[in-house]
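The structure appears below as structure tokens.
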Amino acid sequence: MKEEEASLMLIRHAIDNLPQPQKTQVQACIDRIRSVMDEYAGEDAGLALMLVAAEVAAQQE
């Protein structure tokens, strides 16, 4: 299994184990992000998402 696949499994598992109200909010956020990303070229949207993810991770440290 690739590292990316393992990370994806861990994140999905963590979301599945959230309390229902939080899980619903997280899923709504995921759906909204995907909807916005569909408005842009795949590579552009992917780069933007990676930047935002890195910024959020840096802020949490």
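Structure above, values below:
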quantity: Pairs with Cβ under 6 Å, 6+ apart, first in the range 1-17 and modelled with pLDDT of 95 or more, second of a type in the set (A, V, I, L, M); calculated: Ile15/Val26
quantity: Residue list for the range 24-39, filter: under 13 Å from the mean Cα position of the chain (by Cα) and among the charged types (D, E, K, R); calculated: Asp31, Arg32, Arg34
quantity: Test: residue in the range 14-21 that is surrounded by 10 or more Cβ atoms within 10 Å (Cβ to Cβ) and in contact with a helix residue (DSSP H, G or I) (Cβ under 9 Å, 6 or more places away or on another chain); calculated: yes
quantity: Restricting the range 5-22 to residues that are over 13 Å from the mean Cα position of the chain (by Cα) and of a type in the set (D, E, K, R), the residue that is nearest to Ala53 (Cα to Cα); calculated: Glu5
quantity: Checklist (1) loosely packed, with under 10 Cβ neighbours inside 10 Å; (2) within 11 Å of the chain's Cα centre (by Cα) applied to Gly42, failing item; calculated: (2)
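The values are calculated or read from the model by the stated rules, or taken from the named source; none is laboratory data. What you see is a predicted model; the values in this text were computed from it and never measured. Counting neighbours? That spans all protein chains shown, and the Cβs are built from the backbone with ideal geometry, glycine included.
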